[in-house]
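Novice: Sharing a structure below in structure tokens format, with a few things to ask.
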């Protein structure tokens, strides 16, 4: 199994996402919209139908798995096989105190994919042994950055 661990903020749209009780989720950066760079991911994944997606976004913790998955386009939804939050041996409080890189690594250890990579704008806490599998995006550009797209193409081809 080949897996792409997918964050949303700073990857599929601008990273400046705010959650407000009255207003809900919104992007603080003017003229930015949610999931504006999602078509880029669809296009880059198209040649690789065997690549599955595991959601590593904090949206799962905030909104729930189903609601978070349904934010994606149908082609991407069909690739989703789970989330890092659904780990049978971690309590929610343990999960919440763990850096994203460790959340992903724990999931890799559990699922044992043949190969994997992660798209995330946060490199904090990634274990050194798997840092080369992280494609760190720039939060304000995400997948709209041509250099990031080129690197993702290379990483997908290497899977």
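Bear in mind these aren't lab numbers, they're just calculated from the coordinates by the rules spelled out. Keep in mind it's a predicted model, so treat the numbers as computed, not measured. Please note: Cβ atoms are built from the backbone with ideal geometry, for glycine as well, and neighbour counts cover all protein chains shown.
Novice: How much mean residue ellipticity at 222 nm does the chain get from its helices, if each DSSP H run of length 4 or more adds -39500 (n - 2.57) and you divide by all residues, to the nearest 500 deg cm²/dmol?
Specialist: -8500 deg cm²/dmol
Novice: Additional query: Using only alpha carbon pairs under 8 Å that are at least six residues apart, calculate the relative contact order of the stretch 2-158 and give it in whole percent.
Specialist: Worked out over the stretch 2-158, it gives 33 percent.
Novice: Sort 41, 152 so that the residue with the fewest other Cβ atoms within 10 Å of its own Cβ comes first and the one with the most comes last.
Specialist: By the 10 Å Cβ count, ascending, the order reads 152, 41.
Novice: Looking at the square roots a ≥ b ≥ c of the eigenvalues of the Cα gyration tensor of the stretch 1-107, which shape do they give, rounded for a/c under 1.5, prolate if a/b is larger than b/c, or oblate?
Specialist: Oblate, because a/c is 1.5 or more while a/b does not exceed b/c.
Novice: Now for a different question. Going by a ≥ b ≥ c, the root eigenvalues of the Cα gyration tensor, does the stretch 95-159 fall in the rounded group (a/c under 1.5), the prolate group (a/b larger than b/c) or the oblate group?
Specialist: The shape class here is oblate.
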